[in-house]
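Colleague: My structure is below; once you've seen it, I'll send some questions.
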Amino acid sequence: MYSIQSIEKLHIEISSYCNARCPLCPRNLFGYPYNGGYEETHLTLDFIKSKLPINFVKNLKIILFNGNFGDFHMNPEALDIVTYFRLCNPTALILVHTNASARDDNFWIQLAKLKVQVHFCLDGMEDTHFLYRQDTSWQKIINHAKAFISAGGYAIW
């Protein structure tokens, strides 16, 4: 048996949308559009608040936004969702794994202010990145990482 208070880590997927076409991703079949039967959707802030109340979130030590079926930045409420988690739990380690090839610099600056660690998922350098991370821009990712870092963000490549 477990109790709500014993849960310390949360892995959450807030979107099943993605701007990339990575060949080995479950959303694609060798880089071509493919849907294996899952619904493309976003978790809303209201849904998250209803399922993950403050008394649950405040006990978490790690909150991971991963991109197994979509990318974090594709959710239109991504910043609001992170803000909710941060307000509920000012000390939790919040990690975001992302291709970081969408949104504008201001999005990444605002994310840095929320004290989030971002894993910028680059695959190679500018001359090879596009081979796997299809439909993403290496230079845009670098620009977003620079904006994030310049605003005090902790970035991992």
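The values are calculated or read from the model by the stated rules, or taken from the named source; none is laboratory data. None of these values were measured; they are calculated from a predicted model. Every residue, glycine among them, receives a Cβ derived from its backbone with ideal geometry; neighbour counts consider all protein chains shown. Please note that ligands, DNA and RNA were not included when accessible areas were found on the heavy atoms of the full protein model with its side chains. Shrake-Rupley method; radii C 1.70, N 1.55, O 1.52, S 1.80 Å.
Colleague: Please go through (1) of a type in the set (A, V, I, L, M, F, W, C); (2) at pLDDT 95 or above; (3) under 15 Å from the mean Cα position of the chain (by Cα) for Phe69 and return the number of the only condition it doesn't satisfy.
Modeller: That leaves (2) as the condition not met.
Colleague: Could you list, in sequence order, all residues of the range 61-94 that are assigned to a strand (DSSP E or B) and either within 14 Å of His42 (Cα to Cα) or open to solvent by 30 Å² or more (accessible area, probe 1.4 Å) (or both)?
Modeller: Passing the criteria: Ile62, Leu64, Phe65, Leu93.
Colleague: Is there any pair linking a residue in the range 102-115 that is within 20 Å of Leu87 (Cα to Cα) to one that is of a type in the set (D, E, K, R), with Cβ under 6 Å and at least six apart or on different chains, and which?
Modeller: Correct list of pairs: Leu114/Arg86.
Colleague: So Tyr34 passes all but one of these: (1) at pLDDT below 90; (2) open to solvent by less than 50 Å² (accessible area, probe 1.4 Å); (3) not charged (D, E, K, R). Which condition number does it fail?
Modeller: (2) is the only condition that Tyr34 fails.
Colleague: Please specify each residue of the range 72-104 satisfying the condition of being under 17 Å from Ala145 (Cβ atoms) and aromatic (Phe, Trp, Tyr).
Modeller: Once the filter is applied, which keeps residues that are under 17 Å from Ala145 (Cβ atoms) and aromatic (Phe, Trp, Tyr), the range 72-104 yields only Phe72.
Colleague: In addition: Check whether at least one residue in the range 3-10 is touching a Gly at 6+ places or on another chain (Cβ under 9 Å) and modelled with pLDDT under 95, and report yes or no.
Modeller: There is no residue in the range 3-10 that is touching a Gly at 6+ places or on another chain (Cβ under 9 Å) and modelled with pLDDT under 95.
Colleague: Name the residue that is most open to solvent (accessible area, probe 1.4 Å), counting only residues in the range 1-27 that are more than 14 Å from Asn99 (Cβ to Cβ) and of a type in the set (A, V, I, L, M, F, W, C).
Modeller: My answer is Met1.
Colleague: Follow-up. Can you give me the number of residues within the range 102-135 that are among the hydroxyl-bearing types (Ser, Thr, Tyr) and either open to solvent by less than 10 Å² (accessible area, probe 1.4 Å) or part of a helix (DSSP H, G or I) (or both)?
Modeller: Qualifying residue count, the range 102-135: 1.
Colleague: For residues in the range 136-149 being out of contact with any helix residue (DSSP H, G or I) (no Cβ under 8 Å at 6 or more places or on another chain) and open to solvent by 40 Å² or more (accessible area, probe 1.4 Å), which is nearest to His119 (Cα to Cα)?
Modeller: Checking each candidate, the answer is Lys146.
Colleague: Of all residues in the range 37-50, count the ones that are at pLDDT 95 or above and either of a type in the set (Asp, Glu) or surrounded by fewer than 10 Cβ atoms within 10 Å (Cβ to Cβ) (or both).
Modeller: 2
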